[in-house]
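The values are calculated or read from the model by the stated rules, or taken from the named source; none is laboratory data. It should be emphasised that the depicted structure is a prediction, and the values quoted were computed from it without experimental measurement. Cβ: placed from backbone, ideal geometry, glycine included. Neighbour counts: every protein chain shown.
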Amino acid sequence: MEVVSQHSPPCCNLNRRLLIKKRSSRQQVKIPLCRKRRILCSKVHYRSESRALSNKDHPLLNGKVTRPSKLVEGFSGDSNGKVIGSEDEVGSMSESGDSVTNVLIPGLPDESNGECGAPISSCFWEWKPKFNVHYEISGSQNVNSPPLLFLPGFGVGSFHYEKQLKDLGRDYRVWAIDFLGQGMSLPTENPTPSSKAEDLVWGFGDKAEPWATDLVYSMDLWRDQVLYFVEEVIGEPVYLVGNSLGGFVALYFAARNPQLVKGVTLLNATPFWGFLPNPIKSPRLARIFSWSGTFPLPESIRKLMEFVWQRICDPECIADVLRQVYADHSLNVDNVFHSILETTQHPAAAASFASIMFAPQAELSFREALSRCDMNSVPICLMYGKEDPWVKPVWGLEVKKLVPEAPYYEISPAGHCPHDEVPEVVNYLLRGWIKSLESQGAAALPLLDDMQSENIQSSIAKDLEFVRQGSNKSVIVRYMGSSFSLWNRMESYFTSRFAKLETK
């Protein structure tokens with residue numbers, strides 16, 4: 001397969017047709033790639049969080065987005081410049097009364113000790129005129145390994161998967177994309193230009209450009225974006241990994257295109273998105289709403305956004321959200337904070353946010369997509385941070401109930417973004433799950449290699465230990481088997497509480 005690496009020329013026209021074989025029992029998948037497309041790539045230097053692609057090289061940047069050189073005043077921080085203060089203690093998983101086995105797992109590549117992570121390339125792919133999709137890729141030299149595609153949550157982008165790109169890119173071919181309307185996949189031109197000499201805020205004009213007439217940043221748009229990206233850029237079936245909103249999109253895409261999916265991993269996937277009815281699923285109900293995220297924005301929405309956006313893009317507000325979703329407040333999240341702040345400075349960010357918030361729901365609900373994936377035998381793996389204040393564990397357990405054969409790993413302490421908070425654990429579990437699927441079950445699932453099948457039907461817990469920046473860390477991961485139920489969880493909880501009372 002032809003791929004664009006960090007050494008590729010800046011612009012490439014690729015015209016190809018691929019024939020791909022899957023290792024599973026599904027039939028051979030033939031993906032025609034016959035449309036010319038442009039890809040602009042550059043090397044990414046993540047240690048300094050700077051890109052070799054200068055602002056003037058792509059209209060998205062246009063010299064207007066600047067990264068603050070220091071933390072915004074009012075943020076808590078230590079000598080290492082951490083956005084989230086380290087004064088809060090990190091919670092741990094409640095004991096269940098059973099013994100917990102310690103397991104030593106690999107850490108991330110330690111560049112201070114000469115360990116090299118996979119190089120990452122930052123690219124722009126022209127899906128269609130005016131629709132430029134930003135993505136990052138690593139491990140392109142691993143031509144015989146399975147491809148992985150990471151889908152981000154709301155408000156972030158491919159930068160949120162840096163730790164997966166650098167680590168898993170040593171073994172696999174790894175892609176991470178920015179959804180249209182987010183990250184660096186925002187418009188490069190004003191979708192509703194006005195008569196003003198220079199529009200400082202895009203999307204607030206009275207008339208949409210022809211290319212933006214039907215534009216709405218919705219679940220259906222992102223599903224199609226993933227479809228064309230898999231077909232035209234990757235060129236073969238993939239393992240999808242999605243966090244939060246990205247988890248719903250991954251499931252939705254897999255439900256519609258099971259022949260292009262080798263497996264789906266849900267990382268604290270949001271079980272719902274959107275408030276307005278889908279025009280295809282509920283056409284009569286959809287007609288009641290005169291506006292559903294299209295351009296131009298109605299006058300009332302413009303006035304609302306002028307008020308709301310000031311709060312949303314406030315640095316302190318961004319920091320507050322990060323404090324909520326990360327359980328470990330000693331973690332350095334500067335890169336995430338600054339990348340989100342950069343996105344809010346884009347002239348199209350406010351209007352894109354409005355379009356996303358008022359976009360219609362997906363044609364399939366989360367439950368319907370999950371059911372369809374199960375019906376088509378799409379492998380699913382569940383990894384949920386236990387301390388997530390938004391997608392609480394009960395949502396993950398509900399998914400587990402609908403697909404009881406799917407492995408479920410509850411990670412603690414970890415919040416809404418376990419892949420960024422405890423990437424060592426998530427990467428370890430991903431490697432093990434993919435290895436088990438690729439070997440058609442010959443390799444055991446993660447944490448189960450020393451267990452008998454009759455002992456893994458309910459749940460087990462193990463303490464995963466690893467080294468991070470010279471310090472020993474540990475996280476408890478609970479695997480829940482096919483016969484696990486909420487009653488098992490309640491019984492385990494009360495058993496541990498009574499055991500503690502007896503020892504006092």
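Looking only at residues in region 459-473 that are of a type in the set (Gly, Ala, Ser) and surrounded by 15 or more Cβ atoms within 10 Å (Cβ to Cβ), the one that is modelled with the lowest pLDDT is 459. Looking at 227, 297, 251, just one residue is closer than 21 Å to residue 212 by Cα and modelled with pLDDT of 95 or more, and that residue is 227. Among residues of region 164-181 that are more than 16 Å from residue 238 (Cα to Cα), those with a beta-carbon under 9 Å from a residue that is among the charged types (D, E, K, R) and in a strand (DSSP E or B) at least six positions away or on a different chain give the pairs 178/136.
Whether a residue is among the small types (Gly, Ala, Ser) and either at pLDDT 95 or above or touching a helix residue (DSSP H, G or I) at 6+ places or on another chain (Cβ under 7 Å) (or both) was assessed, and residue 153 passes this test. Scanning region 191-208 for residues that are in contact (Cβ under 8 Å) with a residue 24 or more places away in the chain and surrounded by fewer than 21 Cβ atoms within 10 Å (Cβ to Cβ) yields 192, 199, 200, 201, 206, 207, 208. Within the option set 260, 297, being over 30 Å from residue 374 (Cα atoms) and either acidic (Asp, Glu) or surrounded by 21 or more Cβ atoms within 10 Å (Cβ to Cβ) (or both) holds for one residue only, 297.
State which residue is nearest to the chain's Cα centre (by Cα) when the search covers only region 213-259 and only residues that are of a type in the set (Ser, Thr, Tyr) and assigned to a helix (DSSP H, G or I). Ranking the candidates gives 252 first. If you take the residues in region 325-359 that are part of a helix (DSSP H, G or I) and among the β-branched types (Val, Ile, Thr), which one is farthest from residue 279 (Cα to Cα)? Out of the qualifying residues, it is 336.
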